[in-house]
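**Student:** Pasting in a structure now, in structure tokens, and then I'll have a few things to ask.
The values are calculated or read from the model by the stated rules, or taken from the named source; none is laboratory data. Quick caveat, the model's predicted, so the values are computed rather than measured. We place every Cβ from the backbone using ideal geometry, glycine too, and count neighbours over all the protein chains shown.
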Amino acid sequence: MKDLSALKELLRRSPLLFGGLFLFTELSQQFYINLSHAAQIQGTDTVKLMVALGQLLVSLIEFLVLAMLVPQRIMEMDLNLPATPFMDFFKKHIGPLTIEGIRALAVCLMWTLLLILPGIYKYIRLFFVPYVVIADPAYQTGQRDALAYSNDIVAGNTLMVFVMTLLLTALDYARGFSREFFPLDQNPLLALIFSISFYFATLYVNVLVFRYYQHLVRKFEEKKPHGTHV
């Protein structure tokens, strides 16, 4: 119930941002789905590639916004602070987030060269790198390595984080299937119901994941003589 209250407060604090992201994501994905169907009929490989890249870009934009906006608002709520402009927060963190994301991807790819399973394992251990970048004061002052810290806090909790990654992946696939089966131009009512439902589910899972990150940080820091709590 506490996390549901947090979700309600998130939406109350940033209705235009979350609403705008929903419209951008769903309309863009529907556009690329229609374009994909046209490409299949015409058999145009260039259009198929453009569709795949476009869908990937839209998903990446949604991921980046949610990975930053949800933690920003939750941290403000925890400190009883008013909502601050998201663009200021975005500009502050997008550079470090991109750099650490590339580092994490490179590590995962190197581990994948060994076999698929080691790459998946390393991805799970580095799952919280974005949150370390955004939410950890020690990282932001240059006193902590984001990859090493994510690896440390996930240690002993790998299975739970793996379950979370499966949940996020399943939710993403379910959203994609619902768009395919209930196109906006053919089944507008069902498309709207499913898209809104899956979007709220995505927001809620993002809240749960960040709260779990905060829990792991507290547990990890409590083992130290002088921990820094999030």
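**Student:** I'm trying to understand the selection: among the residues of segment 29-53, which are among the hydroxyl-bearing types (Ser, Thr, Tyr) and in a helix (DSSP H, G or I)? Spell out how you get there, then give the answer.
**Tutor:** First, pick out the residues of segment 29-53 that are among the hydroxyl-bearing types (Ser, Thr, Tyr): 32, 36, 44, 46.
Answer for segment 29-53, where residues must be among the hydroxyl-bearing types (Ser, Thr, Tyr) and in a helix (DSSP H, G or I): Tyr32, Ser36, Thr46.
**Student:** A further question follows. Quickly run through segment 134-184 and pick out the residues that are of a type in the set (S, T, N, Q) and either touching a Ser or Thr at 6+ places or on another chain (Cβ under 7 Å) or under 30 Å from Gln29 (Cα atoms) (or both). Before you say what the answer is, go through the steps one by one.
**Tutor:** Going residue by residue through segment 134-184, those that are of a type in the set (S, T, N, Q) are 140-141, 143, 150-151, 157-158, 165, 169, 178.
Residues satisfying the conditions are Thr165, Thr169, Ser178.
**Student:** OK, next. Could you go through segment 154-171 and let me know if any residue there is at pLDDT 90 or above and touching a Lys or Arg at 6+ places or on another chain (Cβ under 6 Å).
**Tutor:** There is at least one residue in segment 154-171 that is at pLDDT 90 or above and touching a Lys or Arg at 6+ places or on another chain (Cβ under 6 Å).
For (1) loosely packed, with under 12 Cβ neighbours inside 10 Å; (2) assigned to a helix (DSSP H, G or I); (3) in contact (Cβ under 8 Å) with a residue 24 or more places away in the chain, each residue gets a yes or a no:
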| residue | (1), (2), (3) |
| --- | --- |
| Phe127 | no, no, yes |
| Gly142 | yes, no, no |
| Leu147 | no, yes, yes |
| Gly156 | yes, no, no |
| Met160 | no, yes, yes |
| Met164 | no, yes, yes |
| Thr169 | yes, yes, no |
| Ser178 | no, yes, no |
| Gln186 | yes, no, no |
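**Student:** Might you let me know whether segment 200-207 holds any residue that is within 30 Å of Ala38 (Cβ to Cβ), free of Cβ contacts under 8 Å to residues at least 12 places away in the same chain and in a helix (DSSP H, G or I)?
**Tutor:** no
**Student:** From Phe210, Phe198, Phe194, which residue is out of contact with any Ser or Thr (no Cβ under 8 Å at 6 or more places or on another chain) and surrounded by 15 or more Cβ atoms within 10 Å (Cβ to Cβ)?
**Tutor:** Details: Phe198 fails: out of contact with any Ser or Thr (no Cβ under 8 Å at 6 or more places or on another chain); Phe194 fails: out of contact with any Ser or Thr (no Cβ under 8 Å at 6 or more places or on another chain).
Going through Phe210, Phe198, Phe194 in turn, just one is out of contact with any Ser or Thr (no Cβ under 8 Å at 6 or more places or on another chain) and surrounded by 15 or more Cβ atoms within 10 Å (Cβ to Cβ): Phe210.
**Student:** Could you tell me whether Thr84 is in a helix (DSSP H, G or I) and among the hydroxyl-bearing types (Ser, Thr, Tyr)? Let's see the steps before the verdict.
**Tutor:** Numbers: in a helix (DSSP H, G or I): no; among the hydroxyl-bearing types (Ser, Thr, Tyr): yes.
When the stated conditions are applied, Thr84 does not pass them.
**Student:** Hey, another quick one. When the residues of segment 26-48 are narrowed to those that are at pLDDT 90 or above and of a type in the set (S, T, N, Q), which ends up farthest from Phe182 (Cα to Cα)?
**Tutor:** Ser28
**Student:** Can you confirm whether Ile134 is under 24 Å from Phe210 (Cβ atoms), modelled with pLDDT of 95 or more, not charged (D, E, K, R) and not in a loop (DSSP other than H, G, I, E, B)? Give the derivation first.
**Tutor:** Numbers: under 24 Å from Phe210 (Cβ atoms): yes; modelled with pLDDT of 95 or more: yes; not charged (D, E, K, R): yes; not in a loop (DSSP other than H, G, I, E, B): yes.
Taking the combined requirement at face value, the residue satisfies it.
**Student:** Could you check, for segment 54-72, whether at least one of its residues is surrounded by 13 or more Cβ atoms within 10 Å (Cβ to Cβ) and outside any helix (DSSP H, G or I)? Spell out how you get there, then give the answer.
**Tutor:** To start, the set of residues in segment 54-72 that are surrounded by 13 or more Cβ atoms within 10 Å (Cβ to Cβ) comprises 54-55, 58-59, 61-72.
This time we only want the ones that are outside any helix (DSSP H, G or I), so: none.
Scanning segment 54-72 turns up no residue that is surrounded by 13 or more Cβ atoms within 10 Å (Cβ to Cβ) and outside any helix (DSSP H, G or I).
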